[in-house]
Amino acid sequence: MSTVTRVTWFVRGRVQGVGFRWWARARALELGLAGHARNMADGRVEVVAQGPPDAVARMEELLREEPTRTGRPGQVVSVVAQQGSVRDDLTGFVER
């Protein structure tokens, strides 16, 4: 069993221009995750996180929670998750 997992989420809704990437970065850093959050051309935000499975699962809960209890900006309509391969060179969490 792996002690590290990696997931990419595609978040749709009113998530650009509202501080969503900043919020995602702050939550990821609190959880000890590495990765990034970036705006996509189609209006979604891509959030990639890698770390302990329980922390990655908690990040997904935070992305999906309605109503938000953590001050998540904007409005999330849907979140699609995609499992990924763990990268050894991934450190820190940045906004792109």
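The values are calculated or read from the model by the stated rules, or taken from the named source; none is laboratory data. Note that the coordinates shown come from a computational prediction; the quantities given were computed from them, not determined experimentally. Because the Cβ atoms are built from the backbone with ideal geometry, glycine has one as well, and the counts that use them run over all protein chains shown. To get the accessible areas, we keep the full protein, side chains included, count just its heavy atoms, and leave off ligands, DNA and RNA. Shrake-Rupley method; radii C 1.70, N 1.55, O 1.52, S 1.80 Å.
Quick look at the values:
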quantity	calculated
Pairs of Cα atoms farther than 20 Å apart, the chain, %	27
Accessible area, probe 1.4 Å, largest first, for residues 70, 3	3, 70
Tilt relative to the chain, helix 20-31 - C-alpha long axis, 0 to 90 degrees, to 10	30
Estimated FRET transfer efficiency (residue 85, residue 26; beta-carbon r; R0 35 Å; 0.05)	0.85
Length-normalised contact order of the chain in % [C-alpha pairs under 8 Å, at least 6 apart]	46
The chain - percent of accessible surface contributed by carbon and sulfur, probe 1.4 Å	49
Folded to 0 to 90 degrees: helix 53-64 orientation relative to the chain principal axis, Cα	10
Accessible area of region 52-96 divided out per residue, in Å², using a probe of 1.4 angstrom	67
Solvent-accessible area of residue 85 with every protein chain in place, 1.4 Å probe, in Å² to the nearest 10	90
Theoretical FRET efficiency, 1/(1+(r/R0)^6), r = Cβ-Cβ of residue 4 and residue 96, R0 22 Å, to 0.05	0.55
Virtual paramagnetic centre 7 Å along Cα→Cβ of residue 64, amide N under 15 Å, in region 2-40	7-12
